[in-house]
Amino acid sequence: MFEGSFVAIVTPFKDDGSLDEGKLQELIEFQIENGTHGIVPCGTTGESPTLSHSEHDRVVELTVKAVNGRVKIIAGAGSNSTAEALRLTKHAKDVGADGALIITPYYNKPTQNGLKAHFMEIADAVDIPIVIYNVPGRTGTDLLPETLADLSVHPNIVGLKEATGQLSRASQAVQLCGEDFALLSGDDINTLPILSVGGCGVISVLANVMPKEVSDLCNTFKSGDIQNAQKIHLETLQLSIDLFIDTNPIPVKTALQMMGRLNGRMRLPLVPMSEENAEILNRTMCNIGVI
């Protein structure tokens, strides 16, 4: 259902801090023109924690309208409140998104039974494909493989964005949930390794900057051209690392600013990169020919 390169797209802001709807449409066109297979609005890279409810809804609606059925859309719909995640998921379905990306609840640190109840509540209530997002480094909560296996039997829970940093988890997900379960890398540095154990794609930060390369990596691997997939992986590896030299999405918004595609504006509490880190990022982008 979901395979290939899905960009975790940034949310552009005008200099006054308001949403830049025109720029978002431009970035979506840039992605589609370069072969991206899907758009993920309102994720962490899209600064969802600083979006108001109305802004979140508007970004998803605008993405659906701009994409107009050309590629898949997995709308960010997570919250540490089950009721709020349910509202966001219903909205994603109502406006025409193809799926919902739902993060494990953060800060309140539910038990495994609590996690299971959270996702089942949403999956039972909304008939939309759900991709679970597990990123313990941000949430303080880890969805264990056995819990994932239990959740995967629900027909609406179709995939996992794997961002634990533990490569063994990818193999366990395939082993426990089956080949039809959509395993998506949540870290660009691990896309190729995850594809090699049965993953089907990536929800990518790197694709904001190098959409063609990320989609080509997925396409070449799927076609059996492992050598070229490895070549792309190694050529983009340093930038994948440097895009996390500071808190995401600070580096990727800075990179897009260096490319002349964005003003680099973020919302507090995110602040601009240090001069030292910006120089490192700029040097890497120059070395691989992005700027």
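Computed from the coordinates by the stated procedures, all read-outs in this text should not be read as laboratory data. Being a predicted model, the structure only gives us computed values, none of them experimental. Counting neighbours? That spans all protein chains shown, and the Cβs are built from the backbone with ideal geometry, glycine included.
Values for this structure:
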quantity	calculated
Length added when fully stretched, Glu33-Ser54, from 0.36 nm per residue minus Cα-Cα	4.7 nm
Relative intensity, log₁₀ I(q)/I(0), of the range 190-260 from a Debye sum that treats every alpha carbon as a point, q = 0.20, 0.24 Å⁻¹	-0.80, -1.05
Paramagnetic reach from Lys14 in the range 248-276 [backbone N under 13 Å; point 7 Å along Cα→Cβ]	none
Tensor-based shape of the range 172-228 (alpha-carbon gyration tensor, a/c under 1.5 rounded, otherwise prolate or oblate)	oblate
Neighbourhood net charge (15 Å Cβ-Cβ; Lys/Arg +1, Asp/Glu -1) for Phe244	-2
Exceeding the 31 Å Cα-Cα cut-off - candidates Lys109/Lys231; Lys23/Lys72; Lys14/Lys72	Lys109/Lys231
Estimated FRET transfer efficiency (Asn68, Leu144; beta-carbon r; R0 41 Å; 0.05)	0.55
Alpha-carbon spread of the chain, three principal axes, descending order, Å	47, 46, 35
Least to most buried among Arg138, Arg169 (fewest other Cβ within 10 Å first)	Arg138, Arg169
Charge tally in the Cβ shell below 10 Å around Ala207, where Lys, Arg are +1 and Asp, Glu are -1, Ala207 excluded	-1
Cβ-defined net charge surrounding Lys65, 11 Å radius [Lys, Arg +1; Asp, Glu -1]	-1
Percent antiparallel among DSSP beta bridges (both partners in the chain, rounded to 5)	5
Three-way shape call for the range 226-291 based on the alpha-carbon gyration tensor, with the a/c threshold at 1.5	prolate
Label-reachable residues, the range 95-127, where backbone N falls under 20 Å from a point 7 Å from Ala83's Cα toward its Cβ	103-111, 114-126
Ranked list, fewest to most other Cβ atoms within 10 Å of each Cβ, for Val174, Val214	Val174, Val214
Efficiency of FRET between Asp127 and Glu21 - r from beta-carbon atoms, R0 25 angstrom, step 0.05	0.30
Exposure proxy ranking, count of Cβ atoms within 10 Å, fewest first, for Ile226, Ile232	Ile226, Ile232
